[in-house]
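Okay, so here's the structure we're looking at.
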Amino acid sequence: LEGKKVIVVNIDKAVITGKRRVIVNDFMKRLRIKSNVNPRRHGPFKPRSPDGIFRRMVRGMLPRRKPKGKAAYRRLRVYRNVPEEVLKKGKSIKFEDVIYRENPYGYMTLYEVSKLVGWIPIEERMGG
């Protein structure tokens with residue numbers, strides 16, 4: 001919201017803390033909500049890829065109906081790996097620099113959650 005561009009890389013490795021069963025049930029509960037008219041045409045369309053799930057999570061934290069929130073959401077970039085344009089800029093925060101406390105209940109990566117809710121990575125779809 002301060003006008004800075006935010007780039008998130010390696011989103012597959014992002015961690016959601018909590019019990020595995022609870023995390024999966026929450027995501028599956030959201031996916032079961034459908035339209036009675038024609039769910040394929042009228043939605044609601046829920047993201048299944050790691051970057052889509054992350055973008056939707058961030059969107060829920062922003063005041064997206066106000067101009068400030070819309071602009072902040074447009075400045076967000078999410079990548080599954082590190083693109084070369086980001087490597088050239090060089091400014092980054094390393095994972096080791098972030099304070100991380102081990103959760104007694106466990107955790108799941110966004111990649112694992114995405115696979116469980118039905119997302120198929122492009123590498124697997126292409127037969128690689």
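Please return the longest range in the chain lying between exposed loop sites, taking GluC sites (Glu not before Pro), DSSP loop only, at most 13 other beta-carbon atoms within 10 Å, and leaving the sites out.
3-101
On average, how much area does the Cα convex hull of the chain cover when viewed from any direction, in nm²?
Mean orientational projected area (the chain, Cα hull): 10.8 nm².
Across 5 Å bins from 0, what is the distribution of all Cα-Cα pair distances for the stretch 6-47, in whole percents?
The distribution over the stretch 6-47 is 5, 18, 16, 17, 16, 15, 11, 2, given as percents.
So how strong a dipole does the chain carry about its Cα centre when Lys and Arg Cβ are +1 and Asp and Glu Cβ are -1, to the nearest 20 debye?
Using Cβ point charges on Lys, Arg, Asp and Glu, the chain gives about 940 debye.
Can you spot the lysines whose alpha carbon is less than 28 Å from LYS34's alpha carbon? Ignore those fewer than 8 places along the same chain.
LYS19, LYS46, LYS66, LYS70, LYS115
Here, each number is a calculation from the coordinates, and none is a lab measurement. The structure displayed is predicted, hence computed values, not measured ones. Glycine gets a Cβ as well: all are built from the backbone with ideal geometry, and neighbour counts include every protein chain shown.
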